[in-house]
1. Could you grab the relative contact order for the chain? Cα pairs under 8 Å, six or more apart, rounded to a whole percent.
2. Hey, what do the phi angles of region 104-117 turn into as Karplus ³J(HN,Hα) couplings, whole Hz, using 6.51/-1.76/1.60 and θ = phi - 60°, x for Gly and Pro?
3. Stick to Cα atoms and the Kirkwood definition of Rh, then tell me Rg/Rh for region 94-137.
4. Using DSSP to call loops (not H, G, I, E or B), can you name the GluC sites (Glu not before Pro) in region 132-185 whose Cβ has at most 13 other Cβ atoms within 10 angstrom?
5. If I take R0 = 22 Å and measure r between the Cβ atoms of I265 and L220 in this structure, what FRET efficiency does the formula 1/(1 + (r/R0)^6) give, to the nearest 0.05?
6. Sort 161-169, 92-100, 200-208 by the packing proxy (mean of other Cβ within 10 Å over each peptide's residues), most packed first.
7. Tell me which residues come under 5 Å, amide H to amide H, from H154 once H is placed; ignore anything under 5 positions away on its chain.
8. Taking a label point 7 Å from the Cα of E277 along the Cα→Cβ vector, which residues of region 250-264 have an amide N closer than 14 Å to it?
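What follows is calculated from the coordinates using simple rules that are stated; it is not laboratory data. Since the structure is predicted, the reported quantities are computational estimates derived from the model, not experimental observations. Cβ: placed from backbone, ideal geometry, glycine included. Neighbour counts: every protein chain shown.
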Amino acid sequence: MPRMSADSDPLAKRRAAYAHAVLTRYGTIDPRVEAAFAKVPREAFLGPPPWSFGSGGSASWATTSNPEALYQDELIALDRAKGINNGQPSLHALCIAALRLTARDHVLHIGAGTGYYTAILAELAGRVDAYEIEPVLAAKAVENLAPWPNVTVHAETAVGRKLPASDAIYVSAGASHPDPFWLDALREGGRLLFPLTGDEGWGGMLLVERQGHGFAARFLSNCGFINCEGLRDPVTAARLTEVFRAGSKDQVRSLTRQPPPGPTIWFAGDGWYLGTEPPPESAR
């Protein structure tokens, strides 16, 4: 998509200020990510006005038809009835920066919605495959992302199936456990970032990096997301809620498919484990 000058785009200055603000909220310093947020027009992905924006609580929404009002660190509703929104920009800025994308990378975006953050990923990566299970949202994403020829939109699930080999996988829906196919799709050094959430929709953004046959892992931040269809186990989700409430998620250093030594287990799932020690050297 060609860059528009401040003269041809009256929102350019507002968008640039917004980009700087959403990156600095969590102390993120990444000029490429900031430039991507400053370039991609958020209003182009939200449908016609009026737009509803807010923090997500039932009484927090306000309405606007002014595109400038979209350039703040707020959620924008895409489907209020289903709880689907455009996401909080500062959280996505933090996460996208943590993926450390290059122009050589192949990225999978799972839960692309109408494509706003997909477009930002496309500004940073070489190729993006975007998956969206909601047909209406996927159709809008196809239209919205037409200016980015390096993006392919798939109106289908990206759960429980083989996926293309990738350098980064970015997930925008909450899972109670990692999909083994996501882990299998990562190339050496590949990064997976997804919301690991409990039964109340809240949890943490878990960053996983392939290191040989092992995976380094750490939580970036707290988060709240709608559920990822096909990756919700109620028993695991309830257990996650309890462990998140207890705190200590910052101790996590690895994700394994076999149990690590007992004292180093932070959470034991069904065929996956989060540990407090880095991946063993033998897995690298």
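1. Value for the chain: 11 percent.
2. Whole-Hz 3J(HN,Hα) from phi for region 104-117: 8, 7, 9, 10, 9, 10, 9, x, 6, x, 8, x, 4, 6.
3. Here the Rg-to-Rh quotient is 0.98.
4. E156
5. It comes out at approximately 0.60.
6. 92-100, 200-208, 161-169
7. Amide H neighbours of H154, under 5 Å, 5+ apart: A130, Y131, E132.
8. From region 250-264, the list is 253-256, 258-264.
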